[in-house]
1. Take Leu110 and decide whether it is in a strand (DSSP E or B), more than 23 Å from the chain's Cα centre (by Cα) and surrounded by 17 or more Cβ atoms within 10 Å (Cβ to Cβ).
2. Kindly indicate whether Ala120 is touching a residue at least 12 places away in the same chain (Cβ under 8 Å), assigned by TED's automatic domain parsing to the domain that holds Asp157, out of contact with any Pro (no Cβ under 9 Å at 6 or more places or on another chain) and surrounded by fewer than 16 Cβ atoms within 10 Å (Cβ to Cβ).
3. Which of the residues belonging to the stretch 4-26 are assigned to a loop (DSSP other than H, G, I, E, B) and more than 19 Å from Val57 (Cα to Cα)?
4. For the stretch 91-101, does any single residue satisfy the condition of being farther than 30 Å from Pro144 by Cα and surrounded by fewer than 20 Cβ atoms within 10 Å (Cβ to Cβ)?
5. Could you grab me the full set of residues in the stretch 12-39 that are touching a strand residue (DSSP E or B) at 6+ places or on another chain (Cβ under 6 Å) and farther than 15 Å from Val198 by Cα?
6. At pLDDT below 95, crowded, with 21+ Cβ neighbours inside 10 Å, assigned to a loop (DSSP other than H, G, I, E, B) and not acidic (Asp, Glu): does that describe Ala64?
7. Taking the options Asn191, Asn183, Asn199, name whichever one is surrounded by 13 or more Cβ atoms within 10 Å (Cβ to Cβ), in the same structural domain as Val57 (by TED's automatic domain parsing), at pLDDT 95 or above and out of contact with any Lys or Arg (no Cβ under 8 Å at 6 or more places or on another chain).
8. Only one of (1) part of a helix (DSSP H, G or I); (2) assigned by TED's automatic domain parsing to the domain that holds Val182; (3) touching a residue at least 40 places away in the same chain (Cβ under 8 Å) fails for Phe83. Which number is that?
Amino acid sequence: MLTIALSKGRILQQVLPLLKKAGLEIADEELNSRKLIFDTNISDVKIIVIRATDVPVFVQHGAADIGIAGKDVLLEHGSQGIFELLDLKIAKCKLMLAAASAEKLEQNTLKVATKYVNSAKQYFQQQGQSCEIIKLYGAMELAPTLGLAHCIVDLVDSGNTLKANGLEAFEHISDISSRLVVNAAAFKTKNSQIKTWVNAIAAVI
């Protein structure tokens, strides 16, 4: 049995048509049920749909053989126990540093609001910039406005949300898109089966 973990939300909506083109699909009645493990049109392939942040955890520990998640989630998780094999080139955006003005970034110690703690720490270390990371789970744009932070590190798509809250993107930290990852051990024990699907998906990207 091969188990594939998919991220809920935007990635799921964009990855299901891609998988269908590759020959793997879930019936609508399956998707609309309360089941947590979904049958597919291939008898030995199951799909689970979970929170994006949980995908690399399930893959790392072998609960899923293959996972599809955003690069932002993978950067936060790290690469222990997983191999990243494909950039699916969907759900694209950018991880950016944003502030109300360039002057706000001229601090001895920057206060940075973000949920991407590891990515932010690594970026500022590379820049030689001292920082204090304030972890938030949402409403990042409020932090500079209310004086909680000098700047934010967050995903940016169109940039309209930043503009609406008086912020501007100043630094491009990383390109983000959905990636296919595999469990390192499963890549050895189920190599032929995994490669078959990786090649099928790669062919339709």
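The values are calculated or read from the model by the stated rules, or taken from the named source; none is laboratory data. Because the structure is predicted, anything quoted here is derived from the model rather than measured. Cβ: placed from backbone, ideal geometry, glycine included. Neighbour counts: every protein chain shown.
1. Answer is yes for this residue.
2. no
3. Ala22, Gly23, Leu24, Glu25, Ile26
4. Taking the stretch 91-101 first, the residues farther than 30 Å from Pro144 by Cα are none.
Within the stretch 91-101, none of the residues are farther than 30 Å from Pro144 by Cα and surrounded by fewer than 20 Cβ atoms within 10 Å (Cβ to Cβ).
5. Leu12, Ile26, Glu30, Ile37, Phe38
6. Criteria not met by Ala64.
7. Every option except Asn183 fails the conditions.
8. Of (1) part of a helix (DSSP H, G or I); (2) assigned by TED's automatic domain parsing to the domain that holds Val182; (3) touching a residue at least 40 places away in the same chain (Cβ under 8 Å), only one is false for Phe83: (1).
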